[in-house]
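Engineer: Below you will find the structure I want to go over with you.
The values are calculated or read from the model by the stated rules, or taken from the named source; none is laboratory data. Being a predicted model, the structure only gives us computed values, none of them experimental. Neighbour counts are summed over all protein chains in view; Cβ atoms, including those assigned to glycine, are modelled from backbone coordinates with ideal geometry. Ligands, DNA and RNA are excluded from the accessible area calculation, which covers all protein heavy atoms including side chains. Shrake-Rupley method; radii C 1.70, N 1.55, O 1.52, S 1.80 Å.
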Amino acid sequence: MNGSRVLVLNSGSSSVKYQLLDMADGGRLASGIVERIGHGPVADHAAALKQVAEELAEQGLGLDSPELAAVGHRVVHGGTRFTEPTLITDEVVAEIEKLVPLAPLHNPANVTGIKVARALRPDLPQVAVFDTAFHATMPEEAARYALDRATADRYGVRRYGFHGTSHAYVSRATAALLGRDVSEVNTIVLHLGNGASASAVRGGVCVDTSMGLTPLEGLVMGTRSGDLDPAAIFHLARVGGMSIDGIDALLNKRSGLLGLCGDNDMREIGRRMGEGDSAAQLAFDVYIHRLRKYVGAYTAVLGRVDAIAFTAGVGENSAAVREAAMRGLPAFGIEVDAVRNAVRGTSARLISTETSRVAVAVVPTDEELEIASQAFELVTA
């Protein structure tokens, strides 16, 4: 195999995102998204993948190119079965389908994308890269819930974690920014987008993360509640008369920032705060309070923290969130430089003071490059 290109596919329930990368230099040759699958001119995922192939062919980058080494597929949930990038076979597809109950909104679409892509290029190596895989290194004391073990094991109830490709990429990129080997650096990664998660990474290895069985646990997010007393669910069912599906929709789609103030866009919340909107201010304060709790908890888990890295949409772009989350923590060795923090940019950069014992950084994530790198490494090993 002489090709150096990897096509990365992220197949959602109603969209397919793609990027074509050249692993010789990490450059992006093409990218795009096909949306409204099943709700417009694109009837299904087969039609969507055909459109992707046509768009690439128009740029002279067709799927029949000998330069294409592999297709890398994002798969949300790998359970305990898949803890590393995996060459896709019929057996692997069947195993991913068995994990659908753990990710009913995501894994079916991921599988559909895999099946269609394999049909288009059955001769080409295709690799599944799992969101949960990076967190599979968590020790049992971090991954286990204090449930009856037999019940938990029977139904796969444990902490899996998500956003793994982002946490993997950012932890390595942070070490590179510091000019150190990743094995020497303990990092708290804060992936803050509409979905948000934190991880404690010791020497490049995840030892704890905020998301759990599903992406609902942990930080306050755009529309998800994050941590919640489980008995609140019983209360809503018994006293509120809500169904399980209704509570599921409430916690995942109508909670978080949206539930607190009616907006899940941090830019709009910031604008409203500037106008004295108390609901927006409360939403921001709850968001920051939860974030600071996890920074403190993961400082205790790691024992020594060398760096805190902000990434994803909010983490990369909201100076106000970064400042508020790190405010008043000199006892932790954390000091943010206000001037550095206010600078906007697209490259990895430090925002901590020269005297801060803990480096605080903004590190743009690149999940597609991480998926492509893992896929390429597997097929060229």
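Engineer: Scan segment 273-288 and give yes if some residue there is over 30 Å from A142 (Cα atoms), over 23 Å from the mean Cα position of the chain (by Cα) and in contact (Cβ under 8 Å) with a residue 24 or more places away in the chain, otherwise no. Don't jump to the end; show me each part of the working.
Structural biologist: Going through segment 273-288, the residues over 30 Å from A142 (Cα atoms) turn out to be 273-282.
Those still in the list that are over 23 Å from the mean Cα position of the chain (by Cα) too: 273-282.
Still in the list and also in contact (Cβ under 8 Å) with a residue 24 or more places away in the chain: none.
No.
Engineer: Can you give me the ranges of the strands (runs of 3 or more DSSP E) entirely in segment 1-105 with at least 2 residues that are surrounded by fewer than 20 Cβ atoms within 10 Å (Cβ to Cβ)? Spell out the reasoning first.
Structural biologist: Values: elements: 5-11, 16-22, 27-34, 68-75.
Strands (runs of 3 or more DSSP E) meeting the threshold: 16-22, 27-34.
Quick grid of which residues meet (1) at pLDDT 90 or above; (2) under 22 Å from S4 (Cβ atoms); (3) touching a Cys at 6+ places or on another chain (Cβ under 6 Å):
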residue: L21; (1), (2), (3): yes, yes, no
residue: A30; (1), (2), (3): yes, yes, no
residue: A48; (1), (2), (3): no, no, no
residue: V76; (1), (2), (3): yes, no, no
residue: G79; (1), (2), (3): yes, no, no
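Engineer: Collect the residues in segment 109-156 that are in a loop (DSSP other than H, G, I, E, B) and surrounded by 23 or more Cβ atoms within 10 Å (Cβ to Cβ), keeping them in residue-number order. Step through it out loud before you land on a result.
Structural biologist: The first filter runs over segment 109-156 and keeps only residues in a loop (DSSP other than H, G, I, E, B), leaving 121-125, 131-132, 138-139, 144-148, 156.
Within segment 109-156, D131, T132 qualify.
Engineer: Kindly indicate the residue of segment 239-261 that is surrounded by 13 or more Cβ atoms within 10 Å (Cβ to Cβ) and polar (S, T, N, Q) and also farthest from A279 (Cα to Cα) among those meeting that condition.
Structural biologist: N252
Engineer: Filter segment 43-81 down to the residues that are over 22 Å from V92 (Cα atoms) and of a type in the set (S, T, N, Q) and list them by number.
Structural biologist: Those that are over 22 Å from V92 (Cα atoms) and of a type in the set (S, T, N, Q): Q51, Q59, S65.
Engineer: So D208 passes all but one of these: (1) in contact with a strand residue (DSSP E or B) (Cβ under 9 Å, 6 or more places away or on another chain); (2) farther than 18 Å from T80 by Cβ; (3) not hydroxyl-bearing (S, T, Y). Which condition number does it fail?
Structural biologist: Among (1) in contact with a strand residue (DSSP E or B) (Cβ under 9 Å, 6 or more places away or on another chain); (2) farther than 18 Å from T80 by Cβ; (3) not hydroxyl-bearing (S, T, Y), the lone unmet condition for D208 is (2).
Engineer: A further question on this structure: Applying the selection to segment 218-238, what residues are open to solvent by 50 Å² or more (accessible area, probe 1.4 Å) and free of Cβ contacts under 8 Å to residues at least 60 places away in the same chain? Give the steps one after another, and end with the answer.
Structural biologist: First, the residues of segment 218-238 that are open to solvent by 50 Å² or more (accessible area, probe 1.4 Å): 224, 227-230, 233-235, 238.
Within segment 218-238, R224, L228, D229, P230, I233, F234, H235, R238 qualify.
Engineer: Give the number of residues within segment 190-217 that are over 13 Å from the mean Cα position of the chain (by Cα) and crowded, with 22+ Cβ neighbours inside 10 Å.
Structural biologist: Counting residues in segment 190-217 that are over 13 Å from the mean Cα position of the chain (by Cα) and crowded, with 22+ Cβ neighbours inside 10 Å gives 4.
Engineer: Going through G204, G241 one at a time, which residue ends up being over 21 Å from A307 (Cβ atoms) and of a type in the set (G, A, S)?
Structural biologist: Numbers: G204 fails: over 21 Å from A307 (Cβ atoms).
Checking each option against the conditions leaves just G241.
Engineer: What residue, of D245, D263, is in a helix (DSSP H, G or I) and not β-branched (V, I, T)?
Structural biologist: Working: D263 fails: in a helix (DSSP H, G or I).
None of the others qualify; the one that does is D245.
Engineer: Shifting gears a bit: Out of everything in segment 31-44 that is of a type in the set (A, V, I, L, M, F, W, C) and within 22 Å of the chain's Cα centre (by Cα), what residue ends up being farthest from L369 (Cα to Cα)? Step through it out loud before you land on a result.
Structural biologist: Quick first cut of segment 31-44, residues of a type in the set (A, V, I, L, M, F, W, C) only: 33-34, 37, 42-43.
Checking the rest, the ones that are also within 22 Å of the chain's Cα centre (by Cα) come to 33-34.
Details: I33: 16, V34: 20 Å.
My answer is V34.
Engineer: Here is a further query. Using beta carbons and a limit of 6 Å, which pairs, at least six apart or on different chains, have the first residue in segment 326-351 and farther than 18 Å from L177 by Cβ and open to solvent by less than 70 Å² (accessible area, probe 1.4 Å) and the second one modelled with pLDDT under 95 and not in a helix (DSSP H, G or I)?
Structural biologist: Note: no pairs meet the criteria.
Engineer: With the structure loaded, tell me whether S347 is farther than 26 Å from L282 by Cα and under 21 Å from the mean Cα position of the chain (by Cα) or whether it fails that test. Let's see the steps before the verdict.
Structural biologist: Values: farther than 26 Å from L282 by Cα: yes; under 21 Å from the mean Cα position of the chain (by Cα): yes.
Yes, satisfied.
Engineer: Hey, could you check segment 160-174 for residues that are among the aromatic types (F, W, Y) and not in a helix (DSSP H, G or I) and say which is nearest to A198 (Cα to Cα)? I'd like the intermediate steps shown before the answer.
Structural biologist: Of the residues in segment 160-174, the ones among the aromatic types (F, W, Y) are 160, 162, 169.
Right, trim to not in a helix (DSSP H, G or I) and you get 160, 162.
Values: Y160: 13, F162: 10 Å.
Among those residues, the one meeting the criterion is F162.
Engineer: Let me ask something additional. Which one of E377, E316 is among the charged types (D, E, K, R), surrounded by 19 or more Cβ atoms within 10 Å (Cβ to Cβ) and in contact (Cβ under 8 Å) with a residue 40 or more places away in the chain? Give the steps one after another, and end with the answer.
Structural biologist: Values: E377 fails: surrounded by 19 or more Cβ atoms within 10 Å (Cβ to Cβ).
That would be E316, the only listed residue that is among the charged types (D, E, K, R), surrounded by 19 or more Cβ atoms within 10 Å (Cβ to Cβ) and in contact (Cβ under 8 Å) with a residue 40 or more places away in the chain.
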